[in-house]
1. Kindly indicate the residue of the stretch 223-258 that is among the β-branched types (Val, Ile, Thr) and more than 23 Å from Arg79 (Cβ to Cβ) and also least open to solvent (accessible area, probe 1.4 Å) among those meeting that condition.
2. Return a yes/no flag: does the stretch 385-398 have any residue that is under 25 Å from Ala231 (Cβ atoms), within 16 Å of the ligand (Cβ to nearest atom) and touching a Leu at 6+ places or on another chain (Cβ under 7 Å).
3. Can you name the strands (runs of 3 or more DSSP E) wholly within the stretch 44-154 that have at least 1 residues being under 26 Å from Gly223 (Cα atoms), more than 14 Å from the ligand (Cβ to nearest atom) and free of Cβ contacts under 8 Å to residues at least 40 places away in the same chain?
4. Would you tally the residues in the stretch 291-310 being within 13 Å of the ligand (Cβ to nearest atom) and assigned to a loop (DSSP other than H, G, I, E, B)?
5. Go through the stretch 321-379 and tell me which helices (runs of 4 or more DSSP H), entirely inside it, have 3 or more residues that are within 14 Å of the ligand (Cβ to nearest atom).
6. Filter the stretch 350-394 down to the residues that are touching a residue at least 12 places away in the same chain (Cβ under 8 Å), β-branched (Val, Ile, Thr) and open to solvent by less than 40 Å² (accessible area, probe 1.4 Å) and list them by number.
7. For residues that are crowded, with 24+ Cβ neighbours inside 10 Å and aromatic (Phe, Trp, Tyr), tally how many sit in the stretch 96-126.
8. Kindly list the number of the only condition in (1) among the polar types (S, T, N, Q); (2) under 25 Å from Pro342 (Cβ atoms); (3) in contact with a strand residue (DSSP E or B) (Cβ under 8 Å, 6 or more places away or on another chain) that fails for Ser49.
Amino acid sequence: MPSNGSLFDRAKALFLHYAEPLQLNKRYPDLQLAERLTSPDKSITMRLSLQMDDGRVEVYDAFRVQFNDDLGPYKGGLRFHPQVTFDEVKALALWMCVKTAVVNIPFGGAKGGVTVDYKRLSITEKERLTKKFAIMMANDIGPDTDIPAPDVNTGPREMAWMSHAWRMARGKYERAMVTGKPVEHGGSLGRVEATGYGCVVTLLEAARDNGIDPAGATCAVQGFGNAGQYAALELSRHGGRLIAVSDSRAAIANSSGLDVEALMRHKEKTGCVADFPGSKPIDPMEVLTANCDFLVPAALEDAITKEIAPQVRAKIIAEAANGPTTRAAMDILFNKGVIVVPDVLANAGGVTVSYFEWVQNRQEYFWTHQEVIERLTKRLMDAYRRIRDRAREERVSLRQAAYEGAIERIAMAAAERGAQ
Ligand code: NAD
């Protein structure tokens, strides 16, 4: 299998590698399931032209990849980032299919993105861009077809804009057409922290299995955005100590532990983790190789490479980000005995509460924060234990066990619905 190649080629190769023991062709002869499950149902590429505040027009590439809907409507986040490519969006959409099947929620997988330096835009430009994307997609997204959600550089604000633009285009209220909205617009309590919180639920299960007490454990977090911040916060609530952290502009450390809540306020105020009182600046690479119990990559893809993996000193890695570990690095970490809670499980808390939001929107009846968190915790613990048991039985990594269970579920649904 290729260790390099495009992100999608690698994502597809990994999927097919994990599908091999399942013998899909033998189990479902003539259905071409391996091929069907690794090519997108529909890919939309668009030119998005945006009028800037000064009257100029800028042109961006925009994408939505609807990968597979055998288990339910397409579901997946929307990313605004200068490095977004069609290839990346396809890979992220494939991972979404696996993820929704891992936590057993009735959705397929999709992803969207716009290649834009979003942080550089003014607030009015941001709103115009987001609403334009929603209007261009108005006939392709909706509560029963494809439900977007936040991802890198998008959050509740963007989801409220999406929902309003879609309502103007379609002439009706459909709160369930997007998830991750502000609570006032039908968002679910607990959605904002769901990805980071869920990451820690699975991490703590892995820690328990491996005899590591979270109280006093040390952790490092790469990427201090939505997923990274709430993972760090939840770990600190369990007595963990955040000793190193980075964002796209800086990396800092303090071996006695950083005050996570104060760091969140500092990041909110200054836009960066740099110059946080009581911390010292470090090389960003030192976050990944920090001498700690837990490492949480929570930024972008391909952070832990084959060059970095041998230097990783953490005992457990919980992948809050999507695809942070390259294939070669996965093998090195497995052979070193580092436990990796894979992205398709570790960051599935976000899509799980997105599902809860969709359910609440459809019944127009809302749950308490406690109800959301209890249901989320149970679902992630169940998924973790199912995957852990399979991994132990087959003597494979948690990632392989997670993929096998997910692929089995999607393949069965695809076969049952027939060949056409
Ligand atoms: P975000 O935009 O809120 O935060 C991303 C953070 O990563 C920012 O702090 C940014 O500065 C930092 N970053 C970017 N490049 C970096 C680098 N090279 N080194 C260190 N830090 C860097 O995005 P997010 O929603 O937290 O998403 C982060 C990851 O989590 C992505 O892989 C995303 O797909 C995944 N994820 C997010 C959700 C969700 O609900 N938000 C759900 C599932 C998965």
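The values are calculated or read from the model by the stated rules, or taken from the named source; none is laboratory data. None of the values given here were measured: they were computed from a predicted structure. When we count neighbours, we look across all protein chains shown, and the Cβ atoms used for this are built from the backbone with ideal geometry, even at glycine. Only protein heavy atoms, including side chains, enter the accessible area calculation; ligands, DNA and RNA are left aside. Shrake-Rupley method; radii C 1.70, N 1.55, O 1.52, S 1.80 Å.
1. Of all residues in the stretch 223-258, those among the β-branched types (Val, Ile, Thr) come to 243, 245, 252.
After this cut, where a residue has to be more than 23 Å from Arg79 (Cβ to Cβ) as well, the list is 243, 252.
On the way: Ile243: 22, Ile252: 4 Å².
The extreme case among them is Ile252.
2. No, because not a single residue in the stretch 385-398 is under 25 Å from Ala231 (Cβ atoms), within 16 Å of the ligand (Cβ to nearest atom) and touching a Leu at 6+ places or on another chain (Cβ under 7 Å).
3. Working: elements: 57-68, 74-81, 109-115, 146-150.
Correct list: empty, since no element meets the threshold.
4. Going through the stretch 291-310, the residues within 13 Å of the ligand (Cβ to nearest atom) turn out to be 295-305, 308.
Keeping just the survivors that are assigned to a loop (DSSP other than H, G, I, E, B) gives 298-303, 305, 308.
Of the residues in that region, 8 qualify.
5. 343-346, 349-363
6. Residues satisfying the conditions are Val351, Thr352, Val353, Val372, Ile373, Thr377, Ile387.
7. Final tally of qualifying residues: 1.
8. For Ser49, the failing item is (2).
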